[in-house]
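Before any comments, here is the structure.
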Amino acid sequence: MTSASLTTVQARRRSLLWRLHFWSALIASPFAVIAAGTGLLYVFTPQIESALYGHLDTVTPQSQAKPLDDAVAAAKQAVPAGWTLHSVMPAHDADDSVKLAFMPPPAKAASMGTQGGHSGHGGAGAASQASGSAPAFLRPNFGFPSRSTVVYVNPYSAEVLGQLPQADRFNVWARKLHSSLMQSDSWRWMIELAASWLMVMLVTGIFLWWPSTGQAALPQAGAKGRVAWKQWHSFVGVTLGLMSAVILTTGLTWSQYAGGQVRLARDAAGQDSPRIPATYKSTNPEQGQALNWQQAVQVIRQHAPDVSMQLMAPTGPEGVWRANQMDRGDPTKRFDLLVDAYSGQRLYYSGWSEQTAFGKATAIGIPFHRGEFGWWNQALLFIFGAGVVFSIVSGWVMYFQRRARGLVGLPKLLPGAWCSVSPWAGVGGLVMLVAMPLLAASAAVVVLAEFWMGWRARKAA
């Protein structure tokens with residue numbers, strides 16, 4: 001290929017990149033601004049929850065805590081008859097309250113609306129175990145069920161501090177606002193559509209910025225007008241590129257459609273996280289005495305990492321104590337544990353070393369996406385969210401500055417641009433379409449629009 005023909009091909013490819021960058025901005029912008037705004041609100045969840053629920057979550061430390069059984073007994077007295085204790089989060093730090101999640105009777109739970117399910121992933125396994133029809137495997141627990149009501153108890157006095165439906169916690173509300181705009185799960189497609197096209201915007205933007213085009217890598221002090229907007233738009237987008245990729249990828253892993261594709265690939269590669277066998281049973285010795293709550297938590301702490309944990313009591317004489325981590329701020333302390341209800345013998349344990357590579361990646365990526373690693377994580381997410389808003393706003397400012405009055409202002413597409421795609425770019429695009437079904441569906445609409453506009457242009461000529 002001669003240098004002239006190579007230049008022509010590169011020009012065609014660049015015009016196609018501009019066109020795709022514009023389409024991605026056009027489709028993603030409204031939803032992306034909403035997602036960034038609700039995400040920025042969610043970033044400050046720890047501070048907001050501390051202000052709202054400090055009187056429930058924390059207590060004044062004292063010298064000696066009462067047995068956990070006293071807190072359980074006090075909480076049971078505070079809820080209506082017929083409510084079932086689902087799980088308990090014992091106090092970990094000296095100023096922590098004891099948190100006990102109760103599930104209403106089935107009829108009452110149904111009347112509470114469609115908040116159902118677990119506040120994390122995998123509540124179905126625990127629910128099946130509690131109903132006596134345990135599946136072959138149990139799913140991990142990541143928090144209290146969203147249908148539960150949590151009772152907060154002072155571990156030093158066994159005084160009930162109050163109770164609150166888990167669905168009314170700010171973090172549950174903010175997460176639902178961010179993922180589905182407070183609508184049902186059928187509305188989650190909006191945020192997933194935005195994330196899918198933001199990924200296209202990120203990839204095309206990086207190729208358009210690439211320094212080989214001769215543009216300045218850093219914003220120039222003397223730049224003004226559209227040139228300054230362009231330089232800052234490129235600088236912010238590329239600087240946040242890696243974090244953008246992480247945030248978008250982790251968000252898509254638990255989305256409705258792309259998440260399903262991710263899970264299929266994960267299972268096909270044998271990268272599913274260890275599942276807890278539901279076949280373990282406690283050995284009930286003759287006239288044996290089962291462990292009470294205080295004894296159980298003492299035994300479990302001998303086998304588990306030093307982290308806030310969630311405990312589930314045995315169901316039936318052969319049931320087992322079950323425990324897992326509640327605080328995901330340190331992924332290496334993730335664990336699932338089963339112990340015998342009488343002897344306290346460890347029956348099953350799965351920790352960080354038992355996780356697959358995919359499981360470890362998600363155990364790090366998802367808490368990072370949610371800002372659960374502390375203030376530095378929150379600061380990065382705030383910068384990211386603000387950067388997304390700036391990139392979108394600056395892109396549209398440049399668009400209106402470039403667009404001639406009365407025209408749509410689509411970036412010019414050179415003849416043969418669609419046929420100039422390199423094999424590697426074609427493969428990469430195909431992978432993205434397969435991995436993100438909403439991207440594929442909406443891209444089909446874009447292609448039809450392109451054909452229609454091309455037909456109109458040829459007819460007008």
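Bear in mind these aren't lab numbers, they're just calculated from the coordinates by the rules spelled out. These numbers come from a predicted model, not from an experiment. Because the Cβ atoms are built from the backbone with ideal geometry, glycine has one as well, and the counts that use them run over all protein chains shown.
As I understand it, the value is the acute angle between the Cα axis of helix 45-57 and the longest principal axis of the Cα atoms of the chain; what does it come to in degrees, rounded to 10? Compared with the principal axis, the helix lies near 10 degrees. Ordering S29, F382, L40 by Cα displacement along the dipole of the chain toward the positive end leaves S29 in first place; charges were set at the Cβ atoms of Lys, Arg (+1) and Asp, Glu (-1). Report the net charge of residues surrounding H178, where surrounding means a beta-carbon distance below 13 angstrom and charges are Lys +1, Arg +1, Asp -1, Glu -1. Around H178, the surrounding residues sum to +3. Summarising the overall dimensions of segment 185-277 from its C-alpha atoms, the Rg and Dmax are 18.3, 65 angstrom.
Which FRET efficiency value, to the nearest 0.05, do you get for A460 and C419 by plugging their Cβ-Cβ distance into 1/(1 + (r/R0)^6) with R0 = 30 Å?
Using R0 = 30 Å, I get an efficiency of 0.85.
Which residues does a label at L218 reach in segment 240-273, if reach means a backbone N under 20 Å from a point 7 Å past the Cα toward the Cβ? The answer is 240-242, whose backbone nitrogens lie closer than 20 Å to the label point. Each Lys or Arg adds one and each Asp or Glu subtracts one; over the other residues with Cβ under 14 Å from the Cβ of S353, this totals +1. Simple rule: put +1 on each Lys or Arg Cβ and -1 on each Asp or Glu Cβ in the chain, find the dipole, and look at L56, G205, W455; the Cα lying farthest toward the positive end is W455.
The count of lysine pairs in the chain that are at least 8 places apart or cross chains, and whose C-alpha atoms lie under 29 Å apart, stands at 20. Counted by Cβ distance under 13 Å from V421, the other residues give a net charge of +4, where Lys and Arg count +1 and Asp and Glu count -1. Between W187 and R346, residue separation times 0.36 nm minus the direct Cα-Cα distance comes to 52.9 nm. The separation of segment 7-79 from segment 250-266, counted between C-alpha centres, amounts to 18 Å. Each Lys and Arg contributes +1 and each Asp and Glu -1, all at the Cβ; summed about the Cα centre of segment 276-362, the dipole is approximately 200 debye. Relative to the longest principal axis of the Cα atoms of the chain, helix 258-268 runs at roughly 70 degrees.
Can you tell me how much longer the chain between S63 and L41 gets when fully stretched, taken as 0.36 nm per residue apart minus their C-alpha distance, in nm with one decimal?
Computed gain between S63 and L41 is 4.2 nm.
Site-free segments of the chain were taken between trypsin sites (Lys or Arg not before Pro) in DSSP loops having at most 11 other Cβ atoms within 10 Å, sites themselves excluded; the longest one is 1-223.
Assuming charge only on the beta carbon of Lys and Arg (+1) and of Asp and Glu (-1), the dipole of the chain about its Cα centre is about 2720 debye to the nearest 20.
Take the Cα of W376, step 7 Å toward its Cβ, do the same at A94, and the gap between the two points is 2.6 nm. Figure legend: label point modelled 7 angstrom from the Cα of Y280 along Cα→Cβ; residues of segment 75-91 with amide N under 20 Å from it are 86-90. Nearest 10 degrees, 0 to 90: what angle lies between the long axis of helix 189-209 and the longest principal axis of the chain (Cα atoms)? Between the helix axis and the principal axis of the chain, the angle is about 50 degrees.
Charges were assigned to the Cβ only: +1 to each Lys and Arg, -1 to each Asp and Glu. The resulting dipole of segment 341-410 about its Cα centre is roughly 380 debye.
The alpha carbon gyration tensor of segment 276-362 gives principal lengths a ≥ b ≥ c with a/c of 1.5 or higher and a/b greater than b/c, which makes the shape prolate. In plain terms, the chain from W232 to E159 could stretch by 20.7 nm, reckoned as 0.36 nm per residue minus the Cα-Cα distance. The mean sequence distance of close C-alpha pairs (under 8 Å, at least 6 residues apart), as a share of the length of the chain, puts its relative contact order at 20 percent. Placing R0 at 25 angstrom, the Cβ-Cβ distance between W173 and F400 gives a FRET efficiency of 0.10 after rounding to 0.05. Between the listed residues T239, A425, Q294, the Cα displaced farthest toward the positive end of the dipole of the chain, a dipole computed from Cβ unit charges relative to the Cα centre, is found at A425.
Can you grab the distance from the C-alpha centre of segment 414-443 to the C-alpha centre of segment 298-337, Å, no decimals? Between the Cα centres of segment 414-443 and segment 298-337 lies a distance of 46 Å.
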